[in-house]
């Protein structure tokens, strides 16, 4: 069973569309939704294991210009 993560993303002002498009290009991303509220984007990622999710966030997402903050919520049951 794949590891699923819900990633709450805050972007810099005016960068939400650019960040959203960059995230959609990442192979582990299953959904990237622009939302209202305290976060600008909620992304759903799936990977084979937890270290892969960690790599996606630290090596992949944190290199995307315009991402200010992320909060990752791991799915424990689906």
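Taken together, the values in this text are just the output of simple stated rules run on the coordinates, not laboratory data. All values derive from a computational prediction rather than experimental measurement. Methodologically, a virtual Cβ is constructed for each residue, glycine included, from the backbone with ideal geometry; neighbour enumeration extends over all protein chains shown.
Evaluate the Debye formula for the stretch 1-75 with equal point scatterers sitting on the alpha carbons, no solvent, and hand back log10 of I(q)/I(0) at q = 0.18, 0.21 Å⁻¹, in q order, two decimals. The calculated log intensity ratios at q = 0.18, 0.21 Å⁻¹ are -0.61, -0.84. Annotation for residue 74 and residue 1: the two label points, set 7 Å from Cα along the Cα-Cβ direction, are 1.3 nm apart.
Using alpha-carbon pairs under 8 Å, 6+ residues apart, how would you state the relative contact order of the stretch 3-74 in percent? All intermediate terms of the calculation are to be shown ahead of the outcome.
On the way: 123 pairs, mean separation 35.5, N = 72.
Value for the stretch 3-74: 49 percent.
Its DSSP H runs of at least 4 residues, each contributing -39,500 (n - 2.57), put the calculated 222 nm mean residue ellipticity of the chain at -5000 deg cm²/dmol, to the nearest 500.
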